[in-house]
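Take a look at the structure below.
The values are calculated or read from the model by the stated rules, or taken from the named source; none is laboratory data. What you are looking at is a predicted structure, and each value in this text was computed from that prediction instead of being measured. Methodologically, a virtual Cβ is constructed for each residue, glycine included, from the backbone with ideal geometry; neighbour enumeration extends over all protein chains shown. Just so you know, the surface numbers come from the protein's heavy atoms only, side chains and all, with ligands and any DNA or RNA stripped out. Shrake-Rupley method; radii C 1.70, N 1.55, O 1.52, S 1.80 Å.
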Amino acid sequence: MGEFTIRPLTDAEQRPAFDVLGRALHFTGADEAREQFANSVTADRRFGAFDGERVIGTAGSFGTELCVPGGKMVPAAAVDGVGVRADHTRRGVATALMCEQLRDCARRGEMLAHLHASEAMIYGHFGYGAATRGLTLRIGQSAFRPDAPEGGRVRILDPGEARAELPALYARIGPHRPGMMTRPEHWWITGSGRHSFTGHTVAVHDDDGFVVYRPLEPAPGRPPHEGAVLAVRDLHAADVRALAGLWRFVLGIDLVAEVWTRHRPVDEPVGAMLVDPRAAQVSGMSDEIWLRLIDVAEALSARTYGDGDPVVVEITDTILPGNSGRYRISPEGAQRTALPAALRLTPDVLAMLYLGDARPSTLAALGRIEVTDPAALPAADRLLSTAVPPWCGTSF
Ligand SMILES: CC(=O)SCCNC(=O)CCNC(=O)[C@H](O)C(C)(C)COP(=O)(O)OP(=O)(O)OC[C@H]1O[C@@H](n2cnc3c(N)ncnc32)[C@H](O)[C@@H]1OP(=O)(O)O
């Protein structure tokens, strides 16, 4: 590890830290756009790495609650804005920042941390695992099937109305999948939500769903109304009727050739509502949120489990060593145990299993889990599986 120190940023150090972050993310922009970028970083608990007095790296987080299997909301840290100056990378700066941040979250009593990763090679080093996935869809022209739900009334809000109505609407829709999170007030004011209201159109369905979208830049030389492509950035619905109503609205807007969207749940049903299901092309599937269990004992006992014989798993956590140990998981819950382990895993693998995205037998076959009792694998598959695939659906 090089010569640097890690500590919380003072107010005066926020600006140089944002500059480090902006450069690390190759942000280009005029001063005004740079200011907007700085304000869009939601983190309110920001650490800096310092070479002397100079900021060379930064990482932040904000407090939220995450839905775990069974529906309980648990305290979690949403990690945001990690960046290291290019002349200081691969010297352990991010490692020191992320480890200090994890210890800080543990002191705050947070059970989980989660983030959106710029690259998939980074966060496994700190015990994060890809825990939800999302589809990228391109949806072209097709009528809706006659048996698809009709949906209700959709109305477009102006930015002021959107700011006033959406936070309560999102809260009312509520978390209905493992991985969904609460959006704190400042997410809507200064975070990704703010961008949603400027340059985007916001439409609500009755009082049970909303969509945020904007047109993409037209191809060079083409007028915007010819073959317009809309990008759906945020879409939440309380039930399938509201979901159908919102898709009917967006896909029915005049002059729109295609609708693009990323990070939809892996069981997004829009294609099944169309006369031509292939009009909804899955053009990609990627990791959505990366999860880290900060308090393994609390997190394992917060979620529910399926049927299956009890299984003892052993965790080895070098960054938060208090998590290391054996845990007995059964349909009734999970507790620490002195019984021998059937499966041994690292925190990143535990994170991939925790919300129900990956199956223990799949990861064991790939060599990611050490198996001392093969009979435990089918039981672990049943215990850890969830009725619906996990999904977060919030960018930060
Ligand atoms: C939640 C978010 O904010 S996502 C945004 C993340 N930020 C970015 O992508 C901005 C551009 N990148 C950066 O600023 C930096 O390269 C960071 C933050 C990704 C990594 O910072 P570094 O200080 O170089 O990381 P550090 O030296 O601690 O590396 C830790 C380990 O991760 C590996 N690693 C780090 N970044 C990468 C990467 N991009 N690709 C592959 N491996 C990586 C290192 O090789 C090292 O592995 P080792 O322990 O086996 O030696």
Open item on the list: Please compute, for the alpha-carbon atoms of region 296-345, the extent along each of the three principal axes and give them in descending order in Å.
Closed with: 32, 22, 16
Open item on the list: At a 10 angstrom cut-off on C-beta neighbours, averaged per residue, how do the peptides 257-263, 9-15, 216-222 rank from highest to lowest?
Closed with: 257-263, 9-15, 216-222
- [ ] Assuming R0 = 30 Å, can you tell me the calculated FRET efficiency for the pair residue 35 and residue 222, based on Cβ-Cβ distance, to the nearest 0.05?
- [x] 0.40
Open item on the list: Run the simple label-point estimate for residue 267 and residue 119 please: 7 Å along Cα→C-beta, distance reported in nm.
Closed with: 3.5
TODO: Please give the calculated 222 nm ellipticity per residue for the chain, where each DSSP H segment of at least 4 residues contributes -39500 (n - 2.57) and the sum is spread over every residue; nearest 500 deg cm²/dmol?
DONE: -7500 deg cm²/dmol
- [ ] Would you mind pulling out the separation of the Cα centroids of region 358-396 and region 37-108, in Å?
- [x] 27
TODO: Rounded to whole Hz and in sequence order, give me ³J(HN,Hα) for region 278-290 from the Karplus expression 6.51 cos²θ - 1.76 cosθ + 1.60, θ = phi - 60°, writing x for Gly and Pro.
DONE: 6, 5, 9, 8, 7, 9, x, 9, 9, 4, 9, 9, 9
Task: Quarter of Cα convex hull surface for region 270-316, i.e. mean projection, nm² - done: 6.6
- [ ] Run through every distinct alpha carbon pair of region 62-139 and return the Kirkwood hydrodynamic radius in angstroms, one decimal place.
- [x] 14.3
- [ ] Would you look at the GNM of the chain, springs on alpha carbons closer than 10 Å, and say which of 292, 177, 103 moves the most?
- [x] 103
Task: Förster-model FRET efficiency, 41 Å R0, residue 89 and residue 239, C-beta, rounded to 0.05 - done: 0.30
- [ ] Could you calculate the contour length gain from residue 362 to residue 143, that is, 0.36 nm times the residue separation minus the distance between their Cα atoms, to one decimal place in nm?
- [x] 75.0 nm
- [ ] Sticking with the crude label model, points 7 Å out along Cα→Cβ, report the distance from residue 285 to residue 298 in nm, one decimal please.
- [x] 3.4
Task: Accessible area of region 147-203 divided out per residue, in Å², using a probe of 1.4 angstrom - done: 46
- [ ] Express the accessible area of region 1-127 per residue in Å², computed with a 1.4 Å probe while the remaining protein chains stay in the model.
- [x] 48
- [ ] Have a look at 142, 350, 209 and report the one farthest towards the positive end of the charge dipole of the chain, computed about the Cα centre with Cβ charges (Lys/Arg +1, Asp/Glu -1).
- [x] 350
- [ ] Compute the whole-percent fraction of alpha carbon pairs in region 195-273 spaced more than 14 Å apart.
- [x] 63
Open item on the list: Sorted from largest to smallest, which semi-axis lengths in Å does the alpha carbon gyration tensor of the chain give for its equivalent ellipsoid, taking the root of 5 times each eigenvalue?
Closed with: 36, 30, 18
Open item on the list: Just to confirm, what accessible area per residue do you get for region 219-346 at 1.4 Å probe, in whole Å²?
Closed with: 46
TODO: Please report how far the C-alpha centroid of region 119-191 lies from that of region 250-308, rounded to the nearest whole angstrom.
DONE: 10
Open item on the list: Taking 37 °C and 0.692 mPa s as the conditions, I'd like the Stokes-Einstein D for region 65-196 in µm²/s, using the Kirkwood hydrodynamic radius from alpha carbon pairs.
Closed with: 179
TODO: Taking every Cα atom in region 228-341, find the radius of gyration and the maximum pairwise distance Dmax, and write them in Å.
DONE: 21.6, 65
Task: residue 3 versus residue 165: modelled label distance in nm, points set 7 Å from Cα along the beta carbon direction - done: 6.0
TODO: With a 1.4 Å probe and every protein chain kept in, tell me what percent of the accessible surface of the chain is carbon plus sulfur.
DONE: 52
Open item on the list: On a full-extension model of 0.36 nm per residue, what is the gain between residue 176 and residue 207, subtracting their alpha-carbon distance, rounded to one decimal in nm?
Closed with: 9.5 nm
Open item on the list: Taking only the Cα atoms of region 1-155, how large is their convex hull per residue, in Å³?
Closed with: 202
